[in-house]
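The values are calculated or read from the model by the stated rules, or taken from the named source; none is laboratory data. Just so it is clear, the model here is predicted, and its values are computed rather than measured. Glycine gets a Cβ as well: all are built from the backbone with ideal geometry, and neighbour counts include every protein chain shown. Accessible surface areas use protein heavy atoms only, side chains included; no ligands, DNA or RNA. Shrake-Rupley method; radii C 1.70, N 1.55, O 1.52, S 1.80 Å.
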Amino acid sequence: FLAKELRAGAQTVVYADSSSNSLQVVDPTALSAAEAMRVNQTDESMMDPAAWSRNFTFDHCFSSTDESDESYANQETLYNELGTRILENAWAGYNASLFAYGQTGAGKSYSMMGTGAVLDERLDPKHYGLIPRISFALFKSIDDAIQSTSQAQ
């Protein structure tokens, strides 16, 4: 959460399950109702989860809300899962694209670019996003191919 969201008492309403590549989106009003039921010691089992949540399945789904969670996906995980495959397909002659979609503030720009200026030597490379990582790997593989060709001659 952002600091202002924490101050406002925001609750998590999107849950990622990377094992099934799915997201569960919970209606925030249901969270309020469930809290009221707990306070009033009412039986929460009357609330049908299917009535107040929706599940969505994707090709890939990553959780990045809690670093202590074993399924937490950092920038390196995203690159290893997505970036390397994009690069492999590009070298095989296929067009490559990556589409990031989501709510404002969800982390699309961070996932794609990372933080700060990539060429800033003070920036920790662990914060590089997919585009810089793919670009670096692309040019490194070109350099490696040139090196191996020149050594073979």
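Scanning region 56-102 for residues that are within 15 Å of Met113 (Cα to Cα) and among the aromatic types (Phe, Trp, Tyr) returns Tyr79, Phe99, Tyr101.
When restricted to residues that are without any contact (Cβ under 8 Å) to a residue 12 or more places away in the chain and surrounded by 13 or more Cβ atoms within 10 Å (Cβ to Cβ), region 129-141 contains 2. Among the residues of region 87-128, those that are under 16 Å from Lys140 (Cα atoms), modelled with pLDDT of 80 or more and open to solvent by 80 Å² or more (accessible area, probe 1.4 Å) comprise Glu88, Trp91.
Just so you know, in region 55-97 the residues that are touching a Phe, Trp or Tyr at 6+ places or on another chain (Cβ under 9 Å) and part of a strand (DSSP E or B) include one that is nearest to Ser111 (Cα to Cα), and it is Ser63. Being closer than 26 Å to Ala16 by Cβ and open to solvent by less than 70 Å² (accessible area, probe 1.4 Å), is that true of even one residue in region 142-149? Taking every residue of region 142-149 in turn, none turns out to be closer than 26 Å to Ala16 by Cβ and open to solvent by less than 70 Å² (accessible area, probe 1.4 Å). Scanning region 55-86 for residues that are loosely packed, with under 13 Cβ neighbours inside 10 Å and of a type in the set (A, V, I, L, M, F, W, C) returns Phe56, Phe58. Here region 14-32 is the region considered, the condition is being open to solvent by 40 Å² or more (accessible area, probe 1.4 Å) and modelled with pLDDT under 80, and the residue that is nearest to Thr65 (Cα to Cα) is Pro28.
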